[in-house]
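Following: one structure in structure tokens, then a few remarks.
The values are calculated or read from the model by the stated rules, or taken from the named source; none is laboratory data. Note that this is a predicted model, so its numbers are computed, not measured. Positions of Cβ are backbone-derived with ideal geometry, glycine not excepted, and every protein chain shown enters the neighbour counts.
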């Protein structure tokens, strides 16, 4: 079947993890673009506040308070979207949970919780979406991470979970291609994003946590996601620094292991403690509603790496033109000599 994705402004979008960070950035950008939204998260009060704010701005927003770790959440969320909008065109799996600390000191129950939310929540959401979209067509977007290519010290369970998300997404994509279904499957791989992630993660380092530099604006991920719901892409990486780390793992993995061991822990520690009502939402929701965290660090607001992926033909033309200019300049200098 022919794959055809609707323009963003004509879409009905289901989004998990919608009350903070990347999810909230996606919700705001999608609503501003005219998409109708079914937002899901655990924090019902924050969902209501976001719904009220986006609706006041002209948006059409439905909400469902749910925990993506619950086995039946995806069926309930799909049913809510059908009831509210008659169906959906794109499903975005963003919800995740995280921990800081070594693998040895992180209880197995906490590690399982990271997988229950980030991996099984994504699996259930993607499969429920596929059941709805297989005949109608549409897009499934899974939020992975560059840590799905290169793990980081002190974030072992989260890194392992994102590796699993990548494996699941790649497999689902090949099955969709084999069955010739009109569904686009995209993996979005953010680098470190300036979200409340370190505030929300359960932290056993003994020191407040932060994301290692370089960190990027979460709205860049929203840009990638909303591009992918309307334009089929296999995967998109947001942030050249994270992409470079993944490439480095292929070229010199042992060197990267040693660098991670030497500097990785310190790079994720800070003296800036999170507000007491925002930290550790591993099992229970905390105060949400912020796209970025309060850590005073440099935030990169552009990603040339992302832009190159969104416009590959333009990028190729620019590179070719630059190479031609350099070659012409070199030839001219040789002639003068």
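Quick test for you: out of 239, 206, pick the one residue that is on the phi > 0 side of the Ramachandran plot and free of Cβ contacts under 8 Å to residues at least 12 places away in the same chain.
Working: 239 fails: free of Cβ contacts under 8 Å to residues at least 12 places away in the same chain.
Exactly one residue qualifies, and that residue is 206.
Go through the range 219-245 and count every residue that is more than 28 Å from residue 137 (Cα to Cα) and either modelled with pLDDT of 95 or more or in a loop (DSSP other than H, G, I, E, B) (or both). Result for the range 219-245: 1. Considering the range 147-178, the residues that are in a loop (DSSP other than H, G, I, E, B) and touching a residue at least 24 places away in the same chain (Cβ under 8 Å) include one that is surrounded by the most Cβ atoms within 10 Å (Cβ to Cβ), namely 154.
Comparison of 282, 256 shows that the only residue that is surrounded by 12 or more Cβ atoms within 10 Å (Cβ to Cβ) and under 21 Å from the mean Cα position of the chain (by Cα) is 282.
Identify, from the list 125, 121, the residue that is touching a helix residue (DSSP H, G or I) at 6+ places or on another chain (Cβ under 8 Å), farther than 14 Å from residue 172 by Cα and buried (at least 24 other Cβ atoms within 10 Å of the Cβ). Working first, answer last.
Details: 125 fails: farther than 14 Å from residue 172 by Cα.
None of the others qualify; the one that does is 121.
Within the span defined as the range 43-60, every residue fails to be assigned by TED's automatic domain parsing to the domain that holds residue 194, surrounded by fewer than 24 Cβ atoms within 10 Å (Cβ to Cβ) and closer than 19 Å to residue 139 by Cα. Scanning the range 198-221 for residues that are crowded, with 24+ Cβ neighbours inside 10 Å, in contact with a helix residue (DSSP H, G or I) (Cβ under 7 Å, 6 or more places away or on another chain) and under 22 Å from residue 283 (Cα atoms) turns up 209, 210. Just one residue in the set 139, 126 is modelled with pLDDT of 95 or more, in contact with a strand residue (DSSP E or B) (Cβ under 6 Å, 6 or more places away or on another chain), part of a helix (DSSP H, G or I) and within 30 Å of residue 250 (Cβ to Cβ); that residue is 126. Here residue 248 fulfils each of the conditions (1) in contact with a helix residue (DSSP H, G or I) (Cβ under 7 Å, 6 or more places away or on another chain); (2) within 20 Å of residue 151 (Cβ to Cβ); (3) crowded, with 17+ Cβ neighbours inside 10 Å apart from (3).
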